[in-house]
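The values are calculated or read from the model by the stated rules, or taken from the named source; none is laboratory data. All figures in this text were calculated on a predicted structure; none of them were measured in a lab. Neighbour counts are summed over all protein chains in view; Cβ atoms, including those assigned to glycine, are modelled from backbone coordinates with ideal geometry. Protein only, heavy atoms only, side chains kept; ligands, DNA and RNA dropped before computing areas. Shrake-Rupley method; radii C 1.70, N 1.55, O 1.52, S 1.80 Å.
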Amino acid sequence: MNDEDIIPHPKRRNFYGRIHGKTLRPSQRVYLSEDLDSLRPAGITREENPGRSRIVPADIFGDDRPIWLEIGFGGGEHLVHMAALYPEIGIIGCEPFVNGVAMLLGKIRAAGVQNLAVHPGDARDLIEVLPEASVAKAFLNYPDPWPKRRHHRRRFVTEDHLLPLARVMKPGAEFRVATDIPDYVRQTLKEVPRAGFGLVTEGGRPWQDWLSTRYEQKALREGRVPHYVTFQRG
């Protein structure tokens, strides 16, 4: 192993909130106990990979298919939708919220998709062990807005998060951001280009293959306007 294959672990702030919610239903406990291990990529956690050496993405799905990444998949609606729509793609979803992971596993069972991998934890743990230019598309849908000004540095759209993401994305790869928070849009449009991404489109019209999520529906009920931004890795 070369020194360049070891990834340091700097002290960092979480860009997400709580990791536990309401008590899980019995069926959700079954999903976690029976399904998660087979869907979880190896070599991501610090217990499995304390040296933080790079993993081989082809080992996750057994071939060299393109890899997509969803950062914080919430309840998993969008992730399962994209997996069903693009069966030739391998999609990795990262989510530290246990209830969201359990919801996703139930949706995977119902949909029968087989091109998904699930990292039930911090997306940065996966990003830092992925090889350079290994991700063909990434999604950040309705991330935690951290509305208080003093918490804005916890948002995902900051240098500490975006530069590692840019490292693992292929030249020309697409990065999509959906949010209903105007100030999150402002910060996204300011910070993402600084990390090496070019702005492609932004506005109130979703992508053609978009599936509205539970978080978007909540925003609409509460009178907030969704915003969709597309970037391309330089």
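Tabulated data
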{"item": "Förster radius 22 Å - calculated FRET efficiency between Leu85 and Arg205, Cβ distance, rounded to 0.05", "result": "0.75"}
{"item": "Rg/Rg_ref, the range 77-234, where Rg_ref = 2.2 N^0.38 Å and atoms are Cα", "result": "1.01"}
{"item": "Probe 1.4 Å, protein heavy atoms only - accessible area per residue of the chain in square angstrom", "result": "50"}
{"item": "Selected from Gly90, Ile44, Thr201, residue furthest toward positive end of dipole (the chain; charges at beta carbon)", "result": "Thr201"}
{"item": "Contour minus Cα-Cα distance for Arg214 and Leu163 (0.36 nm per residue)", "result": "15.5 nm"}
{"item": "Arg124, Arg29, ranked by accessible area, largest first (probe 1.4 Å)", "result": "Arg29, Arg124"}
{"item": "Point-charge dipole on Cβ atoms (K/R +1, D/E -1) for the range 161-234, about Cα centre, debye to 20", "result": "140"}
{"item": "Accessible area of Ser53 in the full protein assembly, 1.4 Å probe (Å², nearest 10)", "result": "30"}
{"item": "All-pairs alpha carbon distance profile, the range 17-81, 5 Å steps from 0, percent", "result": "3, 12, 14, 24, 24, 14, 7, 2"}
{"item": "Across Lys107/Lys170; Lys107/Lys218; Lys107/Lys190; Lys170/Lys218, pairs whose alpha-carbon gap is larger than 26 Å", "result": "Lys107/Lys170; Lys107/Lys190; Lys170/Lys218"}
{"item": "Accessible carbon and sulfur surface of the range 106-166 relative to its total accessible area, %, 1.4 Å", "result": "47"}
{"item": "Calculated FRET efficiency for the pair Arg221/Val30, C-beta based, R₀ 25 Å, to 0.05", "result": "0.20"}
